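Peer 1: This structure is in structure tokens; I'll ask about it shortly.
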Amino acid sequence: MATLSIFYGIIISMFYGDNKEHKLPHINAKYQDYKASFSIPDGNLLDGSLPPKKEALVKAWIILHEEDLMANWELATNEKNIFKIEPLR
């Protein structure tokens with residue numbers, strides 16, 4: 001697992017080679033005791049949950065960084081190093 005970004009207490013990560021469980025590009029978000037997976041590029045919730053305001057922040061961040069996220073997905077599924085992405089400010 002690699003951390004892509006951290007903002008407003010939310011940790012966004014991506015797992016290397018993680019195209020088996022959801023079979024589509026996605027990121028993982030963690031906030032306190034909450035965990036969730038979101039699809040790229042549409043930001044749909046795939047699994048888990050976050051508080052509503054935190055979920056909205058993650059979805060907005062996904063839309064803003066769709067191209068970078070897809071580039072990282074390609075790297076991660078090929079088990080190559082991914083790069084950090086700017087947080088929401």
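Peer 1: Any chance the stretch 71-84 includes a residue that's within 17 Å of ILE11 (Cβ to Cβ) and open to solvent by 60 Å² or more (accessible area, probe 1.4 Å)?
Peer 2: Yes, that holds for at least one residue.
Peer 1: Scan GLU55, GLU74, GLU79, GLU67 and give me the residue that is part of a loop (DSSP other than H, G, I, E, B) and not aliphatic (A, V, I, L, M).
Peer 2: Only one candidate passes the filter, namely GLU79.
Peer 1: Taking the stretch 32-49 only, how many residues are open to solvent by 100 Å² or more (accessible area, probe 1.4 Å) and closer than 16 Å to LEU4 by Cβ?
Peer 2: 1
Peer 1: Of all residues in the stretch 30-44, how many are touching a Ser or Thr at 6+ places or on another chain (Cβ under 6 Å) and among the charged types (D, E, K, R)?
Peer 2: The total comes to 0.
Peer 1: Still on this structure, I have one more. Which one of the conditions (1) open to solvent by 50 Å² or more (accessible area, probe 1.4 Å); (2) touching a residue at least 12 places away in the same chain (Cβ under 8 Å) does PRO52 fail to meet, given that it meets all the rest?
Peer 2: So the condition that PRO52 fails would be (2).
Peer 1: So, in the stretch 1-23, of the ones that are open to solvent by less than 60 Å² (accessible area, probe 1.4 Å), assigned to a loop (DSSP other than H, G, I, E, B) and within 20 Å of ILE82 (Cβ to Cβ), which residue ends up modelled with the lowest pLDDT?
Peer 2: Out of the qualifying residues, it is HIS22.
Peer 1: For residues that are open to solvent by 40 Å² or more (accessible area, probe 1.4 Å) and among the hydrophobic types (A, V, I, L, M, F, W, C), scanning just the stretch 55-70, find the one that is farthest from LEU4 (Cα to Cα).
Peer 2: ALA56
The values are calculated or read from the model by the stated rules, or taken from the named source; none is laboratory data. Quantities reported herein were computed from a predicted structural model and do not represent experimental measurements. So basically every Cβ, Gly included, is an ideal-geometry build from the backbone, and we count neighbours across all protein chains shown. Please note that ligands, DNA and RNA were not included when accessible areas were found on the heavy atoms of the full protein model with its side chains. Shrake-Rupley method; radii C 1.70, N 1.55, O 1.52, S 1.80 Å.
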